[in-house]
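The numbers here are math on the coordinates, done by the rules we state, and not lab data. Being a predicted model, the structure only gives us computed values, none of them experimental. Heads up, the Cβs are rebuilt from the backbone with ideal geometry, glycines too, and the neighbour counts pull from every protein chain shown.
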Amino acid sequence: MRWQDEYAAERARMVEEQIRARHIEDPLVLAAMLAVPRHRFVPPELRVRAYEDRPLPIGAGQTISQPYIVALMTALLHLSGGEVVLEVGTGSGYQAAVLARLCSVVHTVEQYPELARRAQQILSELSVTNVRVHTGDGSLGWPAAAPYQGILVTAAAPEVPPALLDQLDDGGRLVIPVGARGDQKLQVWRRIGDHFRMKSLGLVSFVPLRGLYGWTDREWREEID
């Protein structure tokens, strides 16, 4: 999975100024962020902004996350190459493409069929062959391929979905934003046998997780009002 393009210099600046400068130093994560062409995952009219330090809209009310957040959440999984990883919230497919360079297989679940189809098309065009795109309720995980050594959730949940904890392998990590708009914290859960340890990191801002263990439209509106 090697790509050359006219945005290579901008991508290199992104890695140095937005990621390494914020103390993410895992060489595998930096290499993945340098290699994956973020501009291919945003709408054509936004490609000139693809390497800016901000999220961007991708349709269906969803966003592609800020590059730093993608790198941070990836680094928090501590991947070494042989893991099976679950991503909840495929979105553009960018995060899955980054994960794909760091593990064996990525299963990614998207609730919006049009986003899932678009992500699959882009990943195929880029010859990313170890990502499996599924359409469904990501808050339920993807039991068919469990257990996972890493789970990454790209939308904010009201609380940690128990289905995701159940599908986490012993020693595996779950990275997930938890909370409402304006009050979300990034959490890292680690399974140790039948027990879990949780570490809460800084404030973040994500779109709401939908599904059985996510936010309903009414609940999310009430949290905003």
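Here are some notes:
- Packing-based exposure ordering (other Cβ within 10 Å, fewest first) of 63, 129: 129, 63
- Cα centroid separation - the range 161-225 against the range 11-30, whole Å: 25
- Taking the convex hull of Cα positions in the range 62-118, its mean projected area over all directions (nm²): 3.7
- Near the amide H of residue 63, within less than 5 Å, lie the amide hydrogens of 58, all on another chain or at least 5 residues away, with H placed in the peptide plane.
- Since only 145, 162, 216 are under comparison, the one whose Cα sits farthest along the positive direction of the charge dipole of the chain, derived from C-beta charges on Lys, Arg, Asp and Glu, is 145.
- Amide H to amide H distances under 5 Å link residue 151 with 86, 173, 174, 175, where only residues 5 or more positions off or on other chains count and H is placed in the peptide plane.
- Estimated translational diffusion coefficient (Stokes-Einstein, Kirkwood radius over Cα pairs, 4 °C, 1.567 mPa s) of the range 14-86: 99 µm² per second.
- Computed magnitude of the charge dipole of the range 107-188 (debye, nearest 20; Cβ of K, R +1, Cβ of D, E -1): 200
- Its Cα centre serving as origin, the range 69-224 has a Cβ charge dipole (Lys and Arg +1, Asp and Glu -1) of approximately 320 debye.
- Diffusion coefficient, µm² s⁻¹, Stokes-Einstein with Kirkwood Rh over alpha-carbon pairs of the range 98-184 at 4 °C and 1.567 mPa s: 93
- A Stokes-Einstein calculation at 10 °C with viscosity 1.306 mPa s, built on the Kirkwood radius of the chain over Cα pairs, returns a diffusion coefficient of 91 µm²/s.
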